[in-house]
C-alpha cells in the first residue's frame with residue numbers, strides 16, 4: 001500500500017506499507033531522512049537505535065509509515081507502525097503495533113492524532129474485508145493511554161470496568177517473549193501480567209524517549225492521568241502495554257468522533273480504493289504471463 005491523501009488544506013498524508021520490501025535504496029534513504037527530520041525537531045534522533053532509526057533495511061520490511069507533511073513537502077509528523085506476527089495456535093496472529101509517533105512541537109495543536117493513531121489501522125481493516133485486527137500500544141503518556149482506550153474496542157488495560165481476557169494474556173505473553181525489539185524494550189525489563197506493566201522499559205534502544213511525570217502529556221479526562229500515576233513508576237521508567245481491536249464498532253467511533261467532518265468523505269473514498277486494489281490487482285497479476293509471482297510461474301513453451 002502506498003497512498004496519499006489530503007488532511008485539511010495544509011497537510012498531506014502518505015501511508016507507505018513495508019517499504020523495505022519494495023522501495024529502491026534511494027527512495028528508502030529519502031523516506032528515512034524525512035523521519036529523521038521530524039525526530040530532529042523533537043529530540044536528539046542520533047541517540048535512537050531501534051526500529052526505523054536502526055539503519056537496518058530489514059527493520060523497514062515490517063513497518064507501515066504514516067508521514068504527514070505540509071503542502072511545501074516539509075515533514076512534520078509520523079507514525080512508524082509495526083506489523084508483528086505472533087506465534088499463536090491454531091494459526092499465527094497479526095498485531096499492528098502503534099509504534100513510534102513523533103510530531104513537530106510547532107504542529108502539536110493541529111488535530112493530527114486521528115491521522116497518526118487511527119487512519120492506517122482503519123485502512124488495513126477495510127482491506128481485510130472488515131475482519132477485526134488486533135492493535136497494541138506501549139506508552140507511559142496518559143494522553144496516549146486515553147486516546148487508545150477511547151478509539152479501539154476491548155482495550156486492556158484501562159481504568160474503569162475493562163477486563164483482561166485470555167486472548168489479551170496470551171497475546172501479551174507472545175509480544176513480550178518475541179517482539180520486545182519492536183518498541184525498544186530490553187530483555188531485562190520485567191512484565192507484570194496482572195496489570196500489563198513493563199518495568200524499567202527504557203533499556204533497549206528507546207532510552208531517550210523516557211519521560212518524567214511532569215513532561216508526559218496529560219489527557220483531558222483525569223481518569224487516565226490518575227490511572228497512569230497509580231500504576232507506573234516514572235522514576236524507574238515503566239510503560240503500560242495496551243491491547244485492543246479495530247473492529248466495526250471501533251470503525252464507527254473513529255469515523256464519528258475522531259475524524260474531522262471535512263475529511264470523512266475523502267477517507268471513505270480512499271478506503272474504497274484500497275479495497276478495490278485488493279480485488280483488482282490479483283486479477284491483473286494472474287493475467288500477466290510475463291511475470292513470476294511466488295509459486296505462480298508464467299507459461300513457457302519448451303522449444304528443445
Inset, instruction - Only residues that are over 18 Å from the mean Cα position of the chain (by Cα), surrounded by fewer than 15 Cβ atoms within 10 Å (Cβ to Cβ) and closer than 16 Å to residue 243 by Cβ: list them for the stretch 171-194, please. - result: 173, 177, 192, 193, 194
Inset, instruction - Would you tally the residues in the stretch 193-209 being out of contact with any helix residue (DSSP H, G or I) (no Cβ under 9 Å at 6 or more places or on another chain) and free of Cβ contacts under 8 Å to residues at least 40 places away in the same chain? - result: 4
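Report the residue count in the stretch 56-91 for those that are within 19 Å of the chain's Cα centre (by Cα) and not in a strand (DSSP E or B). Break it down stepwise before answering.
Kept after step one, since they are within 19 Å of the chain's Cα centre (by Cα), are these residues of the stretch 56-91: 56-69, 75-86.
Subsequent filtering for residues that are not in a strand (DSSP E or B) retains 56-62.
Of the residues in the stretch 56-91, 7 are within 19 Å of the chain's Cα centre (by Cα) and not in a strand (DSSP E or B).
Please determine whether any residue of the stretch 131-142 is closer than 25 Å to residue 189 by Cβ and free of Cβ contacts under 8 Å to residues at least 24 places away in the same chain.
The answer is no; no qualifying residue exists.
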Inset, instruction - May I ask you to verify whether residue 98 is part of a strand (DSSP E or B), closer than 30 Å to residue 9 by Cα and free of Cβ contacts under 8 Å to residues at least 60 places away in the same chain? - result: yes
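Rule-based calculations on the coordinates, nothing more; no lab input. In this text the structure is predicted, and so the values were computed from the model without any measurement. FYI the Cβ positions are ideal-geometry reconstructions off the backbone, even for glycines, and counts take in every protein chain you see.
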